[in-house]
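The values are calculated or read from the model by the stated rules, or taken from the named source; none is laboratory data. A quick note: this is a predicted structure, and the numbers were derived from the prediction, not measured. Cβ coordinates were reconstructed from backbone atoms using ideal geometry, including for glycine residues, and neighbour counts include every protein chain displayed. For the accessible areas, the whole protein counts, side chains as well, though only heavy atoms, and no ligand, DNA or RNA atoms are used. Shrake-Rupley method; radii C 1.70, N 1.55, O 1.52, S 1.80 Å.
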Amino acid sequence: MIRFEQVSVTYDGAPAPAISDIELTVPEGELVLLIGPSGVGKSTLLGTVSGLVPHFTGGRLRGRVTVDGRDTRTQKPRELADVVGTVGQDPLAHFVTDTVEDELAYGMESLGLAPDVMRRRVEETLDLLGLAELRDRPIATLSGGQQQRVAIGSVLTTHPKVLVLDEPTSALDPAAAEEVLAVLQRLVHDLGTTVLLAEHRLERVVQYADQAILLPGPGQAPVVGEPERVMAMSPVHPPVVALGRLAGWDPLPLSVRDARRAAAGLRERLAGLEPPLVEAARTATGPTTDSTTEAVPEAPAPARTGLDRLLHRRRHHGTPATTADRAGPGSTAVAVVTGLGVRHGRIEALRGLSLTVAPGEAVALMGRNGAGKSTLLSALVGMVEPASGTVLVNGRTPHRTQPRELIRQVGLVPQEPRDLLYADTVAAECAAADSDAGAAPGSCRALVAELLPDVPDTMHPRDLSEGQRLALALAVVLTGRPPLVLLDEPTRGLDYAAKGRLVGVLRTLTAAGHAIVLATHDVELAAELAHRVVILADGEIVADGPTAEVVLSSPAFAPQVAKVLAPQGWLTVGQVRRALTTGVDAGEEDEA
């Protein structure tokens with residue numbers, strides 16, 4: 001169905017091709033998963049299938065890409081619309097109408113389908129993706145996950161032979177992600193649709209793939225084969241595969257079910273050991289920097305990371321310490337939310353919500369799409385005015401505080417990192433961040449290098465991958481060293497290694513007394529980082545407690561390792577590795 005013949009793409013001004021000499025075939029009627037590290041060219045490869053590369057993005061395409069016999073070099077995306085449906089990483093860039101129902105119908109109108117056919121397909125798609133209650137809603141009022149489902153639905157209504165999806169579940173809660181993946185499987189198995197998708201959250205999708213395509217890196221040929229074989233050699237892999245590698249299971253499991261069948265012996269080895277409560281129980285004595293992230297190696301003691309250097313300068317070279325520097329966990333709260341109510345027109349996004357965040361604490365906000373997580377972050381950074389209740393950040397009311405003063409107290413990395421990026425190059429963006437924050441020149445650039453190495457100074461932010469843009473936006477915010485750091489879906493577009501580096505940076509922040517509140521659907525991130533998990537539903541808090549207690553009590557929010565090793569309380573591969581290596585209780589090891 002899709003054929004790549006010696007395909008290379010080089011963007012204008014780029015020092016090297018984004019992809020080089022790709023030779024492979026995607027069969028008809030299969031779900032094919034495209035994997036690889038951040039920035040390796042996955043989005044570019046997907047773009048060549050729809051014709052967006054090079055007709056929309058520019059650059060030079062060498063070789064030949066054919067879809068159902070059509071050459072994407074000679075046919076523009078609109079001429080391929082009846083064959084290829086595409087959903088990119090940014091659903092907002094996809095929309096051309098104002099309401100959900102109009103967006104679902106737009107593609108069919110462009111193809112000139114009959115009104116009765118359009119009506120039937122819209123109704124089918126609304127039901128398939130659980131959008132029926134949102135049919136009349138303005139798209140601008142939807143949560144990021146709801147927008148993602150609308151974007152997927154808008155291409156499903158045209159019944160294309162090929163679906164190309166870039167990070168289709170990245171903004172979805174676990175239940176919504178399962179619904180979307182179930183729809184994709186139905187399209188593949190019942191209608192013979194060919195689905196090619198790139199996804200970093202492999203724990204959600206790898207078990208459903210018929211084939212996997214690994215892009216290892218520049219100058220390396222793609223690896224194509226059954227998911228089990230590709231996962232055995234892939235540098236990016238989900239926790240269940242990492243656990244299988246650690247335990248020496250053969251074949252490697254791709255799903256929790258397969259891993260549980262192989263895990264009886266491992267559970268016996270761990271039976272006498274007690275897992276730690278993900279540091280949550282230790283907030284009274286201060287946060288630790290112990291890492292359970294497989295991808296974060298311990299740095300040699302003499303070396304300082306970019307963030308370490310920033311914190312060191314502030315403490316020892318005359319820059320006044322913030323409240324977060326002086327206070328430990330349990331001290332004066334960085335943020336206090338009391339009886340908060342927020343309305344978006346007729347919609348009550350938050351009601352009667354109360355929350356306190358202490359210095360040195362990492363709090364994960366979780367819940368369904370539309371539960372109010374992003375609205376709460378917006379209230380903490382002063383972007384929305386409460387309809388009722390109060391919000392205080394270091395004693396200040398955010399929406400009444402001048403931006404220049406507020407930026408020193410709280411920083412937000414939004415779901416769309418490009419909202420923070422305005423300069424023409426990475427270097428210029430970092431220089432502006434250093435100037436705005438009063439930081440030493442090179443401070444922001446050091447953080448970018450730490451989060452995501454090998455990003456050129458001369459590259460335009462719009463030419464970065466989603467994960468690279470996130471790293472740049474995060475570095476811009478962290479350069480200001482705010483006592484309260486807010487992150488909205490911070491792992492969208494990040495592979496496991498980049499996520500591990502992010503966890504390491506955020507742990508350094510909490511160890512220095514900064515508070516972190518992150519809204520996330522990434523249960524693995526919450527297990528690795530958060531001291532507390534707060535679950536929201538319909539604008540209210542329904543659970544608030546130590547990470548292990550909350551996630552282990554909810555199958556929807558439990559990480560893969562917890563599901564595999566239940567009823568034992570292990571959450572991460574790192575915990576299991578340390579326990580097997582030392583033969584002692586993992587919690588005792590951490591305390592030691």
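Among residues of segment 109-151 being aliphatic (A, V, I, L, M), free of Cβ contacts under 8 Å to residues at least 60 places away in the same chain and part of a loop (DSSP other than H, G, I, E, B), the one that is farthest from residue 87 (Cα to Cα) is 114. Check segment 557-566 and report whether any residue there is modelled with pLDDT of 90 or more, basic (Lys, Arg) and closer than 24 Å to residue 535 by Cβ. Within segment 557-566 (the criterion being modelled with pLDDT of 90 or more, basic (Lys, Arg) and closer than 24 Å to residue 535 by Cβ), the answer is yes, since at least one residue qualifies.
Test each condition in (1) closer than 30 Å to residue 370 by Cα; (2) open to solvent by 10 Å² or more (accessible area, probe 1.4 Å); (3) of a type outside the set (Lys, Arg); (4) part of a loop (DSSP other than H, G, I, E, B) for residue 476 and report the one that comes out false. So residue 476 meets the others, but not (4). Per the listing 328, 318, the residue uniquely farther than 30 Å from residue 174 by Cα, at pLDDT below 95 and open to solvent by 60 Å² or more (accessible area, probe 1.4 Å) is 318.
Inspect all residues belonging to segment 412-425 and state whether any of them is touching a Phe, Trp or Tyr at 6+ places or on another chain (Cβ under 9 Å) and of a type in the set (D, E, K, R).
No.
Being hydrophobic (A, V, I, L, M, F, W, C) and touching a Leu at 6+ places or on another chain (Cβ under 6 Å) is the filter; apply it to segment 455-473 and report the residue that is surrounded by the fewest Cβ atoms within 10 Å (Cβ to Cβ). Filtering segment 455-473 for residues that are hydrophobic (A, V, I, L, M, F, W, C) and touching a Leu at 6+ places or on another chain (Cβ under 6 Å), the one surrounded by the fewest Cβ atoms within 10 Å (Cβ to Cβ) comes out as 473.
Counted as qualifying within segment 489-592 are the helices (runs of 4 or more DSSP H) with 1 or more residues that are over 26 Å from residue 254 (Cβ atoms), namely 496-511, 547-552, 573-582, 586-591. Based on what the data block shows, is residue 503 open to solvent by less than 20 Å² (accessible area, probe 1.4 Å) and farther than 27 Å from residue 453 by Cα? Judged against the criteria, residue 503 is not a match. Among the residues of segment 421-431, not one is more than 26 Å from the chain's Cα centre (by Cα) and either under 15 Å from residue 474 (Cβ atoms) or in contact (Cβ under 8 Å) with a residue 60 or more places away in the chain (or both).
Within segment 398-420, being among the polar types (S, T, N, Q) and either in contact (Cβ under 8 Å) with a residue 12 or more places away in the chain or closer than 18 Å to residue 373 by Cα (or both) holds for 401, 409, 415. Could we say that residue 98 is of a type in the set (Asp, Glu), at pLDDT below 95 and farther than 23 Å from residue 177 by Cβ here? The answer is yes for residue 98. When the helices (runs of 4 or more DSSP H) confined to segment 348-454 are screened for residues that are within 25 Å of residue 525 (Cβ to Cβ) and open to solvent by less than 40 Å² (accessible area, probe 1.4 Å), those reaching at least 1 such residues are found at 373-380, 426-437, 443-451.
Quick grid of which residues meet (1) farther than 18 Å from residue 86 by Cβ; (2) out of contact with any strand residue (DSSP E or B) (no Cβ under 7 Å at 6 or more places or on another chain); (3) at pLDDT 90 or above:
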{"site": "171", "(1), (2), (3)": "no, yes, no"}
{"site": "174", "(1), (2), (3)": "yes, yes, no"}
{"site": "188", "(1), (2), (3)": "no, no, yes"}
{"site": "191", "(1), (2), (3)": "no, yes, no"}
{"site": "198", "(1), (2), (3)": "no, no, yes"}
{"site": "202", "(1), (2), (3)": "yes, no, yes"}
{"site": "210", "(1), (2), (3)": "yes, no, yes"}
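Out of everything in segment 168-188 that is under 19 Å from residue 227 (Cβ atoms) and in contact (Cβ under 8 Å) with a residue 40 or more places away in the chain, what residue ends up being surrounded by the most Cβ atoms within 10 Å (Cβ to Cβ)? Only one residue tops the list, namely 168. State yes or no: is residue 485 in contact (Cβ under 8 Å) with a residue 60 or more places away in the chain, outside any helix (DSSP H, G or I), open to solvent by less than 10 Å² (accessible area, probe 1.4 Å) and under 26 Å from residue 408 (Cα atoms)? Yes: the conditions hold for residue 485.
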